[in-house]
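> Handing you a structure now.
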Amino acid sequence: MAVILAARRTAVVPKGGAFARLSLEDLAVPVIRACLADAAISSVDEVICANAIGPGGNPARRLVLAAGLPEAVAGLSIDRQCAGGLDAILLARMMVDSGMAQVVLAGGVESFSRRPLRLHTDPDGGPSTPYDEAPFTPWPDRNPSMAAAAAALASQQGITRQAQDDWAAQSHAKARAMTDWPEVVVLRGQNRDPFARRLGPALLARAPVLDGSITAATAAVAADAAAFCIVAADHLTHDGALHLLGGATLGADPVQPGLAPIPAIAAALAQAGLSAPAITHAEVMEAYAAQAIACVRGAGLDPAQVNPGGGALARGHPIGASGAVLAVRLFHGMAQGSGLAAIASAGGIGAALVVAR
């Protein structure tokens, strides 16, 4: 059984903030080195890095070289959008459990601040046209914007704007109450997530509407961050390791991506031989408050056990790193018991990881 020996991340900083000028290497290498130091490991068999909106070119290989790891470590980059950071850890688990590797560094890095411009090329020689993101399905009528999908989900499930506002306010309040940030590698003076604020009724009421009942206050902001874990064979286990009991990534209806984590959570729990009430600490992605509420309800999780230090609404959403941030939060926030990390991704994909300490 694979275990997580160490887990670290940067602060999550909104786009254009303190990390705006940092490259992927600038963000990730200090985190990689901190993970290696915490685990007392000098090298790894593989580095798996999720990155969704960067320039391509196998960023995992660049991180291997920039971190001074042996050239024999090839580096594997993946893109499953929001789910990528958690999928990197699930893939590392599979490599270790299969015997293909003994130690794998896995996670994600994203810089919204330095994302490249994307252009559609005109095959007839006309001017190129910019676009913000690629389609997530081959059917335009089944490729909703994420805000529109969240608004439709809220309407279908009767999740009111007030319920979303309350969730967001609690997320910020829990993050502001945190006094210890052992998982954060200090970078550019950022020793904690800086976005959390007092989100009172007046501020919530003034938040611009994005779509339907979704507002700027109940949607996670674009952000820059890196997060990685050391996944290793269990014979290397030491005190404090997290045991990886189950994991799953599943596809679902692309029109309702916010519900995709629910079957993934069920599959991961079944693999671990657990039920939802057994989970004592859950880190659930808050791309939108409506999506988080729907997932918690649909999976049968206890809201009191979810995101005890606040979620992405109080941090931000560094797409390729967000799933790994959840795993890092579990590693440092779970004293004992069983834990869960879960995330939804565009295109109708859900990923979940079940751990125990």
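> Can you give me the number of residues within the range 204-216 that are open to solvent by less than 10 Å² (accessible area, probe 1.4 Å) and closer than 30 Å to residue 21 by Cα?
Total meeting the criteria: 1.
> Within the range 292-312, work out how many residues are open to solvent by less than 10 Å² (accessible area, probe 1.4 Å) and touching a strand residue (DSSP E or B) at 6+ places or on another chain (Cβ under 8 Å).
6
> Tally up the residues in the range 226-256 that are assigned to a helix (DSSP H, G or I) and either in contact with a Cys (Cβ under 8 Å, 6 or more places away or on another chain) or over 17 Å from residue 102 (Cβ atoms) (or both), please.
Residues that pass the stated criteria total 0.
> Quick one: residue 221 ticks every box in (1) within 22 Å of residue 9 (Cα to Cα); (2) out of contact with any Gly (no Cβ under 7 Å at 6 or more places or on another chain) bar one, so which box is it?
That leaves (2) as the condition not met.
> Could you please let me know if residue 101 is farther than 23 Å from residue 228 by Cβ and open to solvent by less than 70 Å² (accessible area, probe 1.4 Å)? Even if it seems obvious, please write down each step before you answer.
Values: farther than 23 Å from residue 228 by Cβ: no; open to solvent by less than 70 Å² (accessible area, probe 1.4 Å): yes.
Considered against the rule, which asks whether it is farther than 23 Å from residue 228 by Cβ and open to solvent by less than 70 Å² (accessible area, probe 1.4 Å), residue 101 comes out as no.
> From the residues in the range 313-345 that are open to solvent by 10 Å² or more (accessible area, probe 1.4 Å), closer than 25 Å to residue 115 by Cβ and hydrophobic (A, V, I, L, M, F, W, C), which one is farthest from the chain's Cα centre (by Cα)?
344
> Pick from 63, 91, 153, 86: which is assigned to a helix (DSSP H, G or I), open to solvent by 30 Å² or more (accessible area, probe 1.4 Å), of a type outside the set (Gly, Ala, Ser) and at pLDDT 95 or above?
The conditions single out 91.
> OK, next. Is it true that some residue in the range 236-247 is among the charged types (D, E, K, R), at pLDDT 95 or above and either closer than 30 Å to residue 42 by Cα or open to solvent by 50 Å² or more (accessible area, probe 1.4 Å) (or both)? So that I can check it myself, show each step before the final result.
Quick first cut of the range 236-247, residues among the charged types (D, E, K, R) only: 239.
Subsequent filtering for residues that are at pLDDT 95 or above retains none.
No - not one qualifying residue is present in the range 236-247.
> Do you know which residues across the range 38-51 are in contact with a Ser or Thr (Cβ under 9 Å, 6 or more places away or on another chain) and open to solvent by 10 Å² or more (accessible area, probe 1.4 Å)?
Hit for the range 38-51 is 51, nothing else.
> If I ask for residues that are part of a loop (DSSP other than H, G, I, E, B) and either among the aliphatic types (A, V, I, L, M) or modelled with pLDDT under 95 (or both), which ones from the range 37-52 would you list?
Hits for the range 37-52 are 40, 41, 42, 43, 44, 52.
> Within the range 9-32, does at least one residue satisfy the condition of being over 22 Å from the mean Cα position of the chain (by Cα) and open to solvent by 30 Å² or more (accessible area, probe 1.4 Å)?
Taking every residue of the range 9-32 in turn, none turns out to be over 22 Å from the mean Cα position of the chain (by Cα) and open to solvent by 30 Å² or more (accessible area, probe 1.4 Å).
> Go through the residues of the range 17-36 one by one and say whether even a single one is within 26 Å of residue 246 (Cα to Cα) and part of a loop (DSSP other than H, G, I, E, B).
Among the residues of the range 17-36, not one is within 26 Å of residue 246 (Cα to Cα) and part of a loop (DSSP other than H, G, I, E, B), which makes the answer no.
> Could you grab the pairs with beta carbons closer than 8 Å, sequence gap of 6+ or different chains, first residue in the range 107-131 and touching a residue at least 24 places away in the same chain (Cβ under 8 Å) and in a loop (DSSP other than H, G, I, E, B), second one open to solvent by 50 Å² or more (accessible area, probe 1.4 Å) and of a type in the set (A, V, I, L, M, F, W, C)?
Pairs found: none.
> Please enumerate the residues belonging to the range 66-78 that are at negative phi and surrounded by fewer than 17 Cβ atoms within 10 Å (Cβ to Cβ).
Selection gives 66, 70, 71, 72, 74.
> Applying the selection to the range 257-288, what residues are open to solvent by 20 Å² or more (accessible area, probe 1.4 Å), closer than 16 Å to residue 82 by Cα and either in a helix (DSSP H, G or I) or at pLDDT below 95 (or both)?
259, 262
> Can you tell me which residue is surrounded by the fewest Cβ atoms within 10 Å (Cβ to Cβ) among those in the range 156-195 that are of a type in the set (Phe, Trp, Tyr) and assigned to a loop (DSSP other than H, G, I, E, B)? Spell out how you get there, then give the answer.
From the range 156-195, those of a type in the set (Phe, Trp, Tyr) are 167, 181, 195; that's our starting set.
If we keep only those that are assigned to a loop (DSSP other than H, G, I, E, B) as well, we get 181, 195.
Details: 181: 16, 195: 21.
Among residues in the range 156-195 that are of a type in the set (Phe, Trp, Tyr) and assigned to a loop (DSSP other than H, G, I, E, B), the one surrounded by the fewest Cβ atoms within 10 Å (Cβ to Cβ) is 181.
> State yes or no: is residue 280 touching a residue at least 40 places away in the same chain (Cβ under 8 Å), β-branched (Val, Ile, Thr) and farther than 18 Å from residue 89 by Cα?
Spelling it out, residue 280 is indeed touching a residue at least 40 places away in the same chain (Cβ under 8 Å), β-branched (Val, Ile, Thr) and farther than 18 Å from residue 89 by Cα.
The values are calculated or read from the model by the stated rules, or taken from the named source; none is laboratory data. Model, not experiment: these values are computed from the prediction. Cβ atoms come from the backbone with ideal geometry, glycine included; neighbour counts cover every protein chain shown. Protein only, heavy atoms only, side chains kept; ligands, DNA and RNA dropped before computing areas. Shrake-Rupley method; radii C 1.70, N 1.55, O 1.52, S 1.80 Å.
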